[in-house]
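So the structure is just underneath, and the comments pick up after that.
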Amino acid sequence: MKNQTFVCGTLFHLYISTLKSINYHKSGVKTLLIITDFTPGIKNIANSLIQKDIFDDLLIVPTIKIKSELYKKESHLKRIRYRNNLTIKNIEENSNIINFYPFIENSEINLFSSKGFSNTFFILKFKKNYIRMIEDGYRNYNPRIGWVKAFKRKYILRTVIGEGRDKEIKDIQVQYPDKLPKYVKHKGTELNLKYLQERLTTEETNTLLSIFLKNNTINISSEKNLILITQPLSEDRLISEKAKIQLYQNILDKYLKDYNLYIKTHPRELTDYKAVLDVDFVEIPRDFPLELLNFFKAINFNLGITIFSSALDNLNCVENKIFIGEEILKKYK
């Protein structure tokens, strides 16, 4: 079995990669963890995973910073015309990635994000590698690249299309392969998250909890509980900050009733919900992958609500799940 390279930008990516790396290590496979600067706090967690020998090595590639600097120094026309070369050149010059080429070239590459700067780099640079795209939640099943944009990227710009359409992506590993868009469904294979979690020993589980929880604790009432999973809707410019706050307040006004409220804020959100929501609630630590709640057998939520976060779908401790749906955002624009 080949060595594995994991490219992560979010805590969910990191959590799935951690489960897979532990599983690969049991077969003697070496793993390299590559993280970007997409999510605050991810570097500290990655360093802890290395210290516990969950991955064999770590590389930090600050793609957000690199892309930002590229946009400052190069014209729009040049960025379009020389997109592929500029992507490779700038990542090589602004990270230590070249030193890791011998390992990466002899490994399978695991990407998560369906598109973006880091994915473009790995697809362009390592065309001969077996490249796998792994579950990234909602985006895998709800493509945003239409056929016009796909045609433009492939035949005019001659660059990476994204969303698993490129021939270099051999395998799209998701929890629901049958729900993939029809043009990539033939690449779909199953990601059995439950199996990966159940394979962990008690010691491995406790190690993960200590790394991701750090010094935080999670105390959940034994009575009626509601968990609200928020998303970076304003940070991603889907709606304004004011509209986002109003949206979540309206949801709570409708559903909260006599529940004890717990809110899991997305790590990239800047919103202080304690200051802006007119409700009492307990905040679950931001730098904590929600899927880890499945390891707490005593925790139970009667109701879970989110706009379209796939994290809710991954929770076994929620009895009733409400997905409001992305369509509601149109009312708040």
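Coordinate-derived values only; no laboratory data. Predicted model only: the values in this text are computed from it and were never measured. Here Cβ is always computed from backbone atoms with ideal geometry, including for glycine, and neighbour counts include all displayed protein chains.
With a simple spin-label model that places each label point 7 Å from the Cα along the Cα-to-Cβ direction, the separation between Ser68 and Lys43 comes to 1.2 nm. Under 20 Å Cα to Cα from Lys187, which aspartates and glutamates show up? Leave out anything in the same chain fewer than 8 places away. Correct list for Lys187: Glu108, Glu135, Asp136, Glu163, Asp166, Glu168, Asp171, Asp178. The slack in the chain from Tyr130 to Ser240, taken as 0.36 nm per residue of separation less the alpha-carbon distance, amounts to 35.6 nm.
Each Lys and Arg contributes +1 and each Asp and Glu -1, all at the Cβ; summed about the Cα centre of the chain, the dipole is approximately 1860 debye. When the chain is treated as a GNM with alpha-carbon contacts under 10 Å, the residue of Ile227, Ile91, Ile218 showing the greatest mean-square fluctuation is Ile218. Ordered by the number of other Cβ atoms lying within 10 Å of each residue's own Cβ, fewest first, Glu168, Glu190 fall into the sequence Glu190, Glu168. The Cα center of the stretch 129-196 and the Cα center of the stretch 14-57 differ in position by 23 Å. Near the amide H of Ile263, within less than 5 Å, lie the amide hydrogens of Leu228, Val282, Glu283, Ile284, all on another chain or at least 5 residues away, with H placed in the peptide plane. Give the shape of the stretch 218-332 as rounded, prolate or oblate, defined through the alpha-carbon gyration tensor: a ≥ b ≥ c are the square roots of its eigenvalues, a/c under 1.5 means rounded, and otherwise the shape is prolate if a/b is larger than b/c and oblate if not. Cα axes put the stretch 218-332 in the prolate bin. Applying 1/(1 + (r/R0)^6) with R0 = 22 Å to the Cβ-Cβ distance of Ser221 and Glu190 gives a FRET efficiency near 0.05. Expressed as a fraction of 2.2 N^0.38 Å, the C-alpha radius of gyration for the stretch 109-173 is 1.03. Packing around the peptides 38-45, 182-189, taken as the average count of other Cβ atoms within 10 Å per residue, puts them in this order, highest first: 38-45, 182-189. Taking only Cα atoms and a 10 Å spring cutoff, compute GNM fluctuations for the chain and point out the largest among Leu77, Leu59, Leu196. Judging by the Gaussian network model, the answer is Leu77.
For the pair Asn96 and Tyr255, the difference between a 0.36 nm per residue extended length and the Cα-Cα distance amounts to 52.3 nm. Qualifying chymotrypsin sites (Phe, Trp or Tyr not before Pro) in the stretch 282-333, where qualification requires a DSSP coil assignment and no more than 13 other C-beta atoms within 10 Å, comprise Phe296. Measure up Lys274/Lys330; Lys65/Lys167; Lys224/Lys257; Lys65/Lys115 against 19 Å on the Cα-Cα distance and list the ones that go over. Among Lys274/Lys330; Lys65/Lys167; Lys224/Lys257; Lys65/Lys115, the Cα-Cα distance tops 19 Å for Lys274/Lys330; Lys65/Lys167.
Ranking of Val276, Val29 by neighbouring Cβ atoms within 10 Å, starting from the fewest: Val276, Val29.
The stretch 63-100 and the stretch 312-333 have Cα centres spaced 36 Å apart.
Build a GNM of the chain with springs between Cα atoms under 10 Å apart, and of Tyr101, Tyr262, Tyr248 the one that fluctuates most is Tyr101.
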